[in-house]
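The values are calculated or read from the model by the stated rules, or taken from the named source; none is laboratory data. Everything numeric in this text was worked out from a predicted model, so none of it was measured. Cβ: placed from backbone, ideal geometry, glycine included. Neighbour counts: every protein chain shown. Quick note on the areas: whole protein, heavy atoms, side chains included, nothing else; ligands and nucleic acids left out. Shrake-Rupley method; radii C 1.70, N 1.55, O 1.52, S 1.80 Å.
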Amino acid sequence: MLQLSIKQEKIEKAKKLAGQIVNSFDWLFNGYSSETIERTIVRLMGIDGATSDGTPFPNVIVEDLKSKKVLERGVAYWVANAMCALNLTAQEVADKVAIGELDLSSVKPQADEKVLEVINTQTATMLKHIKSQNNFREEKFATYGPRRKPALYVIVATGNIYEDVLQAQAAAREGADIIAVIRSTAQSLLDYVPYGATTEGFGGTFATQENFRIMRKGLDEVGDEIKRYIGLTNYASGLCMPEIAAMGAIERLDVMLNDAMYGILFRDINPRRTLLDQYFSRMINAYAGIEIQTGEDNYLTTSDAIEKAYTVTASQLINEQFAEYSGIKEEKMGLGHAYEINPEIENSFSYELAHALLTKTIFPTAPVKYMPPTKFASGNVFKTHLMDAMFNFVGQLTGQGVQLLGMMTEAIHTPHIADRALAIENANYIFTAVKDLGQELTLDPDGFINKRANLVLDEAIDFLQKVVDTGLFEAMARGDFADIKRPEDKGKGAQGVFKRSDNYLNPFLEQMKQELGLNR
Amino acid sequence: MPVKTDPKRIRPYGDTLNDGRVQISFTLPVPCDEQGKEAARQILRKMGMSEIDVCHMNDLTEGFTHFNAYATSNAEVDLTSIKVKIVETPVMDMYENDEYIDQNIGRDLIVVGACIESDAHTVGIDAIMNMKGYNHRYGLERYKHIEAINMGAQVSCEDLLQKARAVNADAILVSQIVTQKNIHIANLTKLIEMAEAEGLRDKMLFICGGPRLNHEIAIELGYDAGFGTGSYSTDVASFISVTIAEKAENN
Ligand code: B12
């Protein structure tokens, strides 16, 4: 069987170092909250809607409490207190705040037990719904059989959710297992989640709760016809990480891009804000049974795939530890890597085989997410199609979890319907042709591939040691990751982080922690 | 030995001169059957094709079919009448360019670059500007006589112009990679209109670049030059130095 010779102690050492990096954030996770975390709580309490000028109710409420300087106590208390005092539902409270009829901070404080009782009922109702969505998914997999491995993952990105559904349904019929709706350009920098169905986007379609619902329905329909459960993916990243995770949990998304550090490095979002938000959003994903994916492929779009291979490994290890901290099981950790090697290099395929096997060896049960060639995709669509075939070959040979299919038009436009069909045909052909080949092959223990994989892991260990010595924030400020300098107090969304008061309450966090058995 | 042709009568080539053979693939919202195939054939005929061979069709489901075809095109062009706008300044390497600036301009040039508005792709502008450069050509930051300021991605037009004014830039470099729904055209137009309104347009060179841009489009949009796929720091730097030296001479 195709296997690397890597000493288990070396892998354990790497994991231990990553653990040390991650375990120094209790102060942040237990002492702070952010505006998007509070807006998430509003959503989880069952509040939805937007004002006529498009401001979502969660933003209206959180902004209002902030301007009254009482947000430190947490939005849950204020909404529940008003519900108690005025005998209203959460949605009715929101409706009144939105039209300026109600000031939450001046509602007479009700007896603590009464407020707590309302909070507990709201929490139980929503968590029950999220659990039922998880059960629904598991039942579907039990009926139709488990997802294939590697799963075929394709994107839709027309900008129009209705057009997206049509293309997604076609892709599912052709063999796709997972559909990702790519978000519109720069949604990650919006400090709110747009509302309602959308038909205009650039390079993608806005992530809104209504769009989630529309696509979910479309995929359930086609899935029942073809007797396969079709997974749906979106992006819990940017300034609204936990809100999007919550929307996904409510509408039964199955996979969420949810990286611990991507926003900091590639979107210049404040480091504290990002780590805090990923902590809560990943907990929601863990609770909802949503598989997360991480964005290590991005390191290689700006750096060289050979020289910086170790940064991928190091980031995977850190992402794994942060995910575990939030209660995500390894079977739901789609750690990322990518076939971004320069095709002009001699033996590029051997390098890729080494890197892909290394990921597989370090994270044997994770549904690893393998990204296709993008950077070296060119206007020569014929060559790009061939590179995608080589990528599919590595994916099947090394048993990756999720294969993000490469498009031959990657360098030109977001996929046309035929590009996607050809990509699926390509993957199906290669996967079938080399299905069991990996079981027949062995590697020379002293050969190039083994040496290469060991070298990358050694470099990753040295790098992690450096980060342990300085601390993660300091290392980011210094530019150790991806050569990008990100100081702890700079970046977008920094002002949206606040210290919790002593009587702060996030009932969802507490309840999920308890049920997931997290006691930090 | 290159093929002998009549440059006034250029037609597509399959395996015999002027055979007009082309390869086409496209999708139609039609069923994957003989009627659908005939629809594909008729579309090709209306495109001026004959001897049409729809050699493959594939059911994309949901009512779509993808077709591959070979056909003979009756189109013919006169190569001698085709004029394209290209950047015509000679290309110098970094050392030659620094020398050129030293000799012909006598001061350091200031260049401000950014990938503007919602576009977050930095690799292209970095390839032109960053110290380490791209494909064995150093970026502008390494030039002795160019002070290069790379503002990165998602820079608003306002911020870019403000910076250019503040440092009294000789040239502005704008990158646009995302082109869906012609967003790059909208952004580039916005920048140039703002520059005009602020009286900056004629104070510096405006240069744009990206995979869907070229010199021709750039000129049309009111820029001084445009660079597409496969362009290098050396192309841009040479254009800037030569144009500025010539301007100085003319004044
Ligand atoms: C890397 C990459 C990314 C990285 C960018 C990382 C970074 N820091 O730059 C990440 C992952 C972040 C990314 C994100 C997105 N991307 Co992107 N990305 C690419 C990819 C794979 C390569 C681009 C690249 O780096 N090329 C290498 C450089 C060197 O080439 P270049 O940019 O063309 O630059 C050269 C020339 O054009 C020129 N040039 C460029 N700028 C300038 C400026 C001047 C002044 C001059 C003189 C010359 C010049 O010189 C350069 C050197 O020769 C392309 C696909 C491809 N293979 O092209 C997609 C691609 C560009 N991305 C695309 C899209 C849609 C997106 C997203 C919108 C997806 C989404 N919905 O989230 C987001 C955009 C986020 C945003 N707000 O912009 C589409 C664009 C489609 C279109 N035609 O509009 C592409 C084509 C992929 C696709 N098929 O869908 N992307």
Fill in: Tensor-based shape of chain B (alpha-carbon gyration tensor, a/c under 1.5 rounded, otherwise prolate or oblate)
prolate
Item to complete: With both partners inside the protein assembly as shown, how many of the DSSP beta bridges are antiparallel, as a percent to the nearest 5?
Response: 35
Worksheet, complete the sentence: Expressed in square angstrom to the nearest 10, the accessible area of B:S175 with a 1.4 Å probe stands at 10
Fill in: Theoretical gain in end-to-end length, A:Q495 to A:Q514 [0.36 nm per residue, Cα-Cα removed]
3.9 nm
Discussion item. Please list 3J(HN,Hα) in residue order for region B:233-240, calculated via the Karplus relation 6.51 cos²θ - 1.76 cosθ + 1.60 where θ = phi - 60°; whole Hz, with x for glycine and proline.
Written reply: 3, 4, 4, 5, 4, 5, 4, 4
Practice prompt. Determine the order of B:Y134, A:Y32 by accessible area, beginning with the largest, at a probe radius of 1.4 Å.
Written response: B:Y134, A:Y32
Item to complete: Quickly rank A:297-310, A:356-369 as a protection proxy: mean count of other C-beta atoms within 10 Å, highest first.
Response: A:356-369, A:297-310
Fill in: FRET E, pair B:E196, A:E92, Förster distance 56 Å, beta-carbon r, rounded to 0.05
0.60
Worksheet item: If you take the accessible area of A alone, add that of B alone, and subtract the area of the pair, what total do you get in Å², probe 1.4 Å, to the nearest 100?
Response: 1800
Practice prompt. Over region A:1-508, give the accessible area per residue in Å² for a 1.4 Å probe, as an integer.
Written response: 37
Response to the item:
Yeah, region A:2-143 with a ≥ b ≥ c from its alpha-carbon gyration tensor (a/c under 1.5 is rounded, else prolate when a/b outruns b/c, oblate otherwise) is prolate
Practice prompt. Do me a favour and compute the ellipsoid semi-axes for the protein assembly as shown from its Cα gyration tensor, root of five times each eigenvalue, largest one first, whole Å.
Written response: 44, 34, 29
Worksheet item: Counting only protein heavy atoms and using a 1.4 Å probe, what share of the accessible area of region A:1-149 belongs to carbon plus sulfur, as a whole percent?
Response: 52
Fill in: Antiparallel DSSP beta bridges within region B:52-189, as percent of all bridges there, nearest 5
40
Discussion item. Rg over Rh of region A:67-226, using C-alpha atoms and the Kirkwood radius, what does it come to?
Written reply: 1.09
Worksheet item: For labels at A:K16 and B:S81 in the simple 7 Å Cα→Cβ model, what's the distance in nm?
Response: 7.9
Practice prompt. Give, ordered by residue number, each residue of region A:241-267 whose 1.4 Å probe accessible area is reduced by a minimum of 20 Å² on adding the remaining protein chains to the chain alone.
Written response: A:R267
Practice prompt. Rank these residues by their accessible area, most exposed first, probe 1.4 Å: A:W27, A:W78.
Written response: A:W27, A:W78
Worksheet, complete the sentence: Output for region A:54-87: trypsin sites (Lys or Arg not before Pro) sitting in coil per DSSP, at most 14 other Cβ within 10 Å, listed by number, reads A:K68, A:K69
Worksheet item: If you rank A:M408, A:M476 by how much accessible surface each has, with a 1.4 Å probe, what is the order from largest down?
Response: A:M408, A:M476
Worksheet item: What nm value, rounded to one decimal, do you get for the distance between A:E72 and B:N74 when each label is placed 7 Å out toward the C-beta?
Response: 8.2
Discussion item. Could you tell me the ratio Rg/Rh of region B:144-227? Both radii from Cα atoms, Rh via Kirkwood.
Written reply: 0.94
Discussion item. If you filter region A:381-440 for trypsin sites (Lys or Arg not before Pro), then keep DSSP loop positions with at most 13 other Cβ within 10 Å, what is left?
Written reply: A:K435
Fill in: Partner chain coverage, peptide A:163-174 - average Cβ within 10 angstrom
3
Item to complete: Using the charge dipole of chain A (Lys, Arg: +1 at Cβ; Asp, Glu: -1 at Cβ; taken about the Cα centre), state which of A:G447, A:M1, A:A423 has its Cα farthest towards the positive end.
Response: A:M1
Worksheet entry | Heavy atoms of A:K227 accessible to a 1.4 Å probe, total area in Å² rounded to 10 | 120
Worksheet item: Which whole number gives the average, over all residues in B:59-69, of C-beta atoms from other chains lying within 10 Å of the residue C-beta?
Response: 5
Discussion item. Charges at C-beta only: +1 for Lys and Arg, -1 for Asp and Glu. How large is the resulting dipole of region A:143-281 about its Cα centre, in Debye rounded to 20?
Written reply: 400
Discussion item. Which one, B:M92, A:M45, A:Y229, is farthest towards the positive end of the dipole of the protein assembly as shown when Lys and Arg carry +1 and Asp and Glu -1 on their Cβ?
Written reply: A:M45
Fill in: Net charge dipole size for region B:69-205 [Lys, Arg +1 and Asp, Glu -1 on Cβ; Debye, nearest 20]
220
Practice prompt. Find the relative contact order for chain B and round it to a whole percent, using C-alpha pairs within less than 8 Å whose residues are 6+ positions apart.
Written response: 17
Worksheet item: Once you charge only the Cβ atoms, +1 for Lys and Arg and -1 for Asp and Glu, what is the size of the charge dipole of chain A about its Cα centre, to the nearest 20 debye?
Response: 640
Item to complete: Could you tell me which of A:A168, A:A111, A:Y370 has its Cα farthest along the dipole of region A:1-508 towards the positive end, charges placed at Cβ (Lys, Arg +1; Asp, Glu -1), taken about the Cα centre?
Response: A:A111
Fill in: Cα gyration tensor category, rounded, prolate or oblate, for region B:100-169 with a/c compared to 1.5
oblate
Discussion item. Just checking the output field for A:199-206: average partner chain Cβ neighbours within 10 Å of each residue's Cβ?
Written reply: 3
Worksheet item: Working out 0.36 nm times the residue gap between A:E346 and A:D469, then minus their Cα-Cα distance, what length gain in nm do you get to one decimal?
Response: 40.6 nm
Worksheet item: Out of region A:133-200, which trypsin sites (Lys or Arg not before Pro) are coil in DSSP terms and have no more than 15 other C-beta atoms within 10 Å?
Response: A:R148
Practice prompt. Check each residue of region A:388-425 and keep those whose accessible area, probe 1.4 Å, is at least 40 Å² smaller with all protein chains in place than in the chain alone; give them in order of residue number.
Written response: A:I417, A:A418
